[in-house]
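Asker: Dropping a structure here in structure tokens format, bear with me for questions.
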Amino acid sequence: MPTPPSGAAAGLMTPVALPDGSYPTPNRALSSAATVWHLRSALNVAALQCNVSDPTIVAQYNTLLRTQGKNLTAAYKTLEAEYRKGGGDWQDRLDDSMTRLYNFFAQPPVQKEFCARAVPMIASAAALPAGGFESFALGALPQLDQPFVEFYRNYDLYRVELAAWKSGQQSPVPRLGVDPAVLLGSTEVTMAKGVRVASR
């Protein structure tokens, strides 16, 4: 019986693939400010969850926050303004989006692949000069998004394989590779629908 990829649970709800084969993650079609803040959020998750026994990761992340502090604050204010333009309860929508974003990056089945990319990225980001994070984020965020896209694709493949396996299990007439009479040790066996097969 096929099993879910990466130790994931069976029956997991995942995004439906788009016509181009990609998946609707929270990191698609973002403004520059949103891209910066989404990467900052991803690295925050990595600092808290990846190799927690290594204090270097948190130290590097804190260096990043100090060096890029003004630019990160400016990006978040711009992001707030973008949500405010949408009217209504914009603050609630922003808060909900950020909660979903953190949950996205914290998905357990993808943590190994996510951390493998995010931890060295924290070190690279910490070494950036002030103001260099925005251009860095444009290339870095898609790299952190990719393991989740690959997981969704593998999970969809698992669904296909599971459906095929179940279909095979439900076949009304089992496919036997040898003469049933030999298996049963009799001179005559009765198959499905009363068809008799004589032994040789």
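Asker: Against the empirical 2.2 N^0.38 Å scaling, what ratio does the C-alpha Rg of the range 1-76 come to?
Answerer: Compared with the compact-globule rule of thumb, the range 1-76 sits at 1.49.
Asker: Still on this structure, I have one more. What order do you get for 101-111, 23-33 when each peptide is scored by the mean count of other beta carbon atoms within 10 Å, highest first? Show your work: numbers first, answer last.
Answerer: On the way: 101-111: 17.1, 23-33: 15.5.
Most protected by this proxy first, the peptides run 101-111, 23-33.
Asker: When ranked by the protection proxy of mean other Cβ atoms within 10 Å per residue, highest first, what sequence do the peptides 124-131, 151-158 form?
Answerer: Descending mean neighbour count gives 151-158, 124-131.
Asker: While we're looking at this one, here's another question. Do you know the relative contact order of the range 29-179, to the nearest whole percent, from alpha carbon pairs under 8 angstrom that are 6+ apart?
Answerer: Once normalised by length, the contact order is 36 percent.
Asker: Obtain the radius of gyration and the Kirkwood radius of the range 64-160 from its C-alpha atoms and give Rg over Rh. Let's see the in-between values first.
Answerer: Working: Rg = 16.1 Å, Rh = 15.5 Å.
Rounded to two decimals, Rg/Rh equals 1.04.
Asker: Another question, then. Bin all alpha-carbon pair distances of the range 29-121 at 10 Å intervals from 0 and give each bin's fraction as a whole percent.
Answerer: The calculated distribution, bin by bin, is 15, 43, 32, 9, 0.
Asker: Here is a follow-up. By the scheme Lys and Arg +1, Asp and Glu -1, what is the net charge of all other residues having a beta-carbon under 14 Å from that of residue 40?
Answerer: Numbers: positive: 66, 70, 77; negative: 134.
It works out to a net charge of +2.
No value in this document is a laboratory result; all are computed from the given coordinates. A quick note: this is a predicted structure, and the numbers were derived from the prediction, not measured. Here the Cβ is made from the backbone with ideal geometry for all residues, glycine too, and neighbour counts use every protein chain on show.
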